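The values are calculated or read from the model by the stated rules, or taken from the named source; none is laboratory data. Source: prediction; values computed, not measured. Every residue, glycine as well, gets a Cβ built from its backbone with ideal geometry; the counts of neighbours run over all protein chains shown. Ligands, DNA and RNA are stripped out before the accessible areas are found, and what is left, the full protein with its side chains, is counted by its heavy atoms. Shrake-Rupley method; radii C 1.70, N 1.55, O 1.52, S 1.80 Å.
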Amino acid sequence: MVVTIRSLGLQGIKGYEVTVECALSGGLPAFDVVGLPDAAVKESRERVRAAIKGCGAKFPVSRITINLAPAALRKEGTVYDLPILLGILAAQGDIDPPGETAAFLGELSLTGALRPITGILPMAMAAARTGVRELYVPAENAAEATLAEGLAVYPVETVEELLAHLRNRKKIPPAAPWTPEAGAEAGPDFSEVMGQENVKRALEIAAAGGHNILLIGSPGAGKSMLARRLPSILPDMTRREALEATEIWSVAGMTDRKHPLLLRRPFRSPHHTVSAVALAGGGAFPRPGEISLAHNGVLFLDELPEFSKDALEVLRQPIEDGEVTITRTAGSVCLPSRFMLVCAMNPCRCGWRGHPSGRCTCTDAMVEKYAAKISGPMLDRMDLHVEVPSVEFEAMRRRETPESSAVVRARVNAARARQAERFEGTGVSCNAHMTAAMVGEHCRLDDAGERILKTAFDRMGLTARSHDRILRAARTIADLDGEPRISAAHLAEAVQYRNTEILRR
């Protein structure tokens, strides 16, 4: 007798349906798992054997063959323990085969308890797309699975509990849809930063339009402090954006029962010793890297010149395309990586170039060598280049409280609302992601603006890419002011954010 149990699998960060076929036949006792399983799937034989005996059922003394279809895709992890167990019990008549609208996921302990698995959200969403209506998952994963609409999610603690449910002895109530708790913990606020009003303004523009930004300043000027407060002014995520980001975090095993959904935009800050593979993603079986974990959020690179050349250059294509394709022997996957890139660096090796104390000991040649660690193409992809001056004593001792993040965020949300209306139905979410055609349509200049842009283009040696990035930033500045057209003042402000000494080496 052959019994079919529906389950799910992962390819990259996308879920797909897996059919677990179980056949019992005569011959010498054996337990074979086929269908391109990895080592963890093959080891399920021992976990399933112990769990069946632990729940009081009889393990069949016959030849057991488990096929995981489609056999052309590699199966990974411990997610198939539960459907394999149910297939064996149904094949020997201990339970009735589950209905065609039910699917099962979960890792088994030797005692029959279910342990949580990673990647539950993309698999649950795939289940909803393929017609599954009842999804049985470990209790720890139930909250996350309820984020996929159109499913009745059943939280399972033990095999005995599930068998009682399938035999109609004691039903498991479906999990209630997860809702966030009120009063989420607040992060660092802009009101804690004294002075640096020009840098705050640049970060507001970056947040409003999704622009990349480079902060250049001496040690202690507040570059890292300001960057780490950027999440407090980022616009609210849409439901679609939150699910996209959470799918990636789920595959990486970074969600839990209390926090199954990302409520705030991700903020990733890898150390400068990070490798190119850790940034872009990869491994023998491709997994998301830092740029994908920052999807719909911020990737912050502190001490930018200290990152390896390979690590920095791997960012160039994802910045433009919003995705990264990873190809390995095990297959090729395309991972989303639409993020804001925020970088901070010192102006020279010692860090004190331009500081009022005059303590810099670097020669011009040493400064050029330090700045040359960042390639021209990488710098050209930064929309805003901002010099962060040292904070004056009077600003540090000022008694009045600076503007809070909530006030700034309200302006950012208003600007993003204008962009959402402008780009409705195009798949573009903010000004930084405008195509060349959109730049031509939405960033038209008057005569004064044309003269400013031409002068900047000639004097600063701008490229076609930097030309468009200036226009995108000017469009964002106009949105913050609530203006339908870009004025000369908006364009002039956008141009001055690229007028830094490091670009004229």
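Accessible area ranking (1.4 Å probe, heavy atoms, ligands and nucleic acids excluded), largest first, for 355, 295: 355, 295.
The residues of the chain expose, per residue, 44 Å² of accessible area to a 1.4 Å probe. The distance separating the Cα centre of the stretch 64-84 from that of the stretch 98-146 comes to 14 Å. Each label point was placed 7 Å from the Cα along the Cα-to-Cβ direction; for residue 303 and residue 181 their separation is 3.6 nm. The aspartates and glutamates whose alpha-carbon is closer than 19 Å to the alpha-carbon of residue 171, local same-chain residues fewer than 8 away aside, are 94, 96, 100, 134, 140, 157, 160, 161.
One decimal place: the segment residue 421-residue 109 gains 107.2 nm when fully extended, by the rule 0.36 nm per residue minus the C-alpha distance.
Measuring from each cysteine beta-carbon in the chain, the ones with no other cysteine beta-carbon under 4.7 angstrom are 22, 55, 334, 343, 350, 360, 430, 443. Heavy-atom surface analysis with a 1.4 Å probe gives the chain a carbon and sulfur content of 51 percent of its accessible area.
When the GluC sites (Glu not before Pro) in the stretch 179-249 are filtered for DSSP coil states and for at most 14 other beta-carbon atoms within 10 Å of their beta-carbon, the remaining sites are 181, 185. Sites listed here are trypsin sites (Lys or Arg not before Pro) in the stretch 100-195 whose DSSP assignment is loop and whose Cβ has at most 16 other Cβ atoms within 10 Å: 133, 167, 169, 170, 171. Working from the Cα coordinates of the stretch 83-169, the gyration tensor eigenvalues give, after taking √(5λ), semi-axes of 21, 15, 11 Å in decreasing order.
Charged neighbours of residue 272, selected by a Cβ distance under 15 Å, balance to -1 (K, R count +1; D, E count -1). Among beta bridges from DSSP that stay inside the chain, the antiparallel ones total about 50%. By the Stokes-Einstein formula, at 1.306 mPa s and 10 °C, the chain with its Kirkwood radius over alpha-carbon pairs has D equal to 62 µm²/s.
Packing here is the average count of other Cβ atoms within 10 Å per residue, and on that basis the peptides 375-381, 104-110, highest first, run 104-110, 375-381. Only Cα sites of the stretch 38-130 enter the Debye sum here, all with the same form factor; the resulting log10 I(q)/I(0) across q = 0.18 1/Å is -0.89, listed in q order.
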